[in-house]
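Okay, structure first, notes after.
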Amino acid sequence: MRDHDQRRRMVVGITGASGIVYGIRLLELLRDCGIESHLVMSRAAQTTLAYETSFKVAEVEALATVTYPINDIGAACSSGSFKTMGMIVAPCSIKTVSEIATGTTNNLISRSADVALKERRRVVLLLRETPLHLGHIRSLAAVTEAGAIVCPPVPAFYARPQNLSDMIEHTLGRVLDLFDIEIGTLRRWTGEKTRGGKEGAKMHRVETGEI
């Protein structure tokens with residue numbers, strides 16, 4: 001495989017945090033973009049999968065190019081010499097954030113993220129936790145200082161989502177933007193509604209704090 005092709009790999013971690021649909025849809029989008037995905041699911045993620053969806057573990061794993069057991073310390077993505085575009089953890093539990101922040105690599109998800117960070121590759125964490133106490137916030141600060149991007153899946157209502165799928169698609173489109181991956185369906189803000197008309201004037205006033 002050519003070096004260029006080797007960099008068209010993405011490591012995907014799925015933890016037991018609520019919102020496992022983000023990880024499932026991410027695998028589908030990567031597949032559709034022709035990007036090789038290397039999946040690691042935690043045991044807690046498998047439990048959450050049964051609670052939140054009708055998917056079976058095997059069906060999720062089938063969406064990935066390669067899958068690894070959570071404790072496979074000999075996996076390809078556990079080494080910095082294995083070239084990738086980086087890693088996305090979707091969803092990401094606060095436990096996983098804390099492990100990555102401290103360099104405590106208790107499993108293959110935190111190990112893969114640690115490897116990506118030491119190789120100065122992009123790591124994006126879709127944190128699913130609220131509200132946050134001070135310990136959480138300190139972990140988020142530490143993981144950001146280490147080079148990761150904390151990207152909570154916050155819906156963008158300017159896109160006027162019609163359903164949950166629209167919200168998921170927009171969030172993942174913005175996440176993939178961080179890797180310069182264009183999915184072709186992301187509705188982007190152009191500023192057009194701030195020009196002219198009562199609606200535009202009102203929106204401009206809201207944005208500038210006048211109302």
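The values are calculated or read from the model by the stated rules, or taken from the named source; none is laboratory data. What you are looking at is a predicted structure, and each value in this text was computed from that prediction instead of being measured. FYI the Cβ positions are ideal-geometry reconstructions off the backbone, even for glycines, and counts take in every protein chain you see.
Observations on the structure shown:
- Considering only residues in the range 130-153 that are in a loop (DSSP other than H, G, I, E, B) and over 25 Å from H38 (Cβ atoms), the one that is farthest from the chain's Cα centre (by Cα) turns out to be H133.
- Considering (1) surrounded by fewer than 22 Cβ atoms within 10 Å (Cβ to Cβ); (2) in contact (Cβ under 8 Å) with a residue 60 or more places away in the chain; (3) of a type outside the set (V, I, T), the lone condition that G23 does not fulfil carries the number (1).
- Of the criteria (1) over 17 Å from T171 (Cα atoms); (2) touching a strand residue (DSSP E or B) at 6+ places or on another chain (Cβ under 6 Å); (3) hydroxyl-bearing (S, T, Y), which one Y22 fails: (1)
- Applying the condition of being polar (S, T, N, Q) and more than 22 Å from S18 (Cβ to Cβ) to the range 77-105 and asking which residue is surrounded by the most Cβ atoms within 10 Å (Cβ to Cβ) yields T84.
- The one condition from (1) at pLDDT 95 or above; (2) loosely packed, with under 14 Cβ neighbours inside 10 Å that G74 does not meet is (1).
- Only a single criterion out of (1) touching a helix residue (DSSP H, G or I) at 6+ places or on another chain (Cβ under 6 Å); (2) over 26 Å from V143 (Cα atoms) is not satisfied by T65, namely (1).
- Any hit, the range 131-143, residues being surrounded by fewer than 21 Cβ atoms within 10 Å (Cβ to Cβ), in contact with a strand residue (DSSP E or B) (Cβ under 8 Å, 6 or more places away or on another chain) and of a type outside the set (A, V, I, L, M): no
- Pairs are defined by a Cβ separation below 7 Å, a sequence spacing of at least 6 or placement on different chains, a first member in the range 26-40 that is touching a residue at least 60 places away in the same chain (Cβ under 8 Å), and a second member that is among the basic types (K, R) and part of a loop (DSSP other than H, G, I, E, B); the pairs so defined are I35/R8.
- Number of residues in the range 156-183 that are exposed (fewer than 13 other Cβ atoms within 10 Å of the Cβ) and not charged (D, E, K, R): the value is 6.
- Looking across the range 104-134, just one residue is free of Cβ contacts under 8 Å to residues at least 24 places away in the same chain and among the small types (G, A, S), and that is S110.
- Qualifying residue in the range 158-171 (condition: modelled with pLDDT of 95 or more, closer than 17 Å to V124 by Cα and hydrophobic (A, V, I, L, M, F, W, C)): yes
- Pairs with Cβ under 7 Å, 6+ apart, first in the range 51-70 and at pLDDT 95 or above, second assigned to a loop (DSSP other than H, G, I, E, B): E52/S18; Y68/A75; I70/S42; I70/N107
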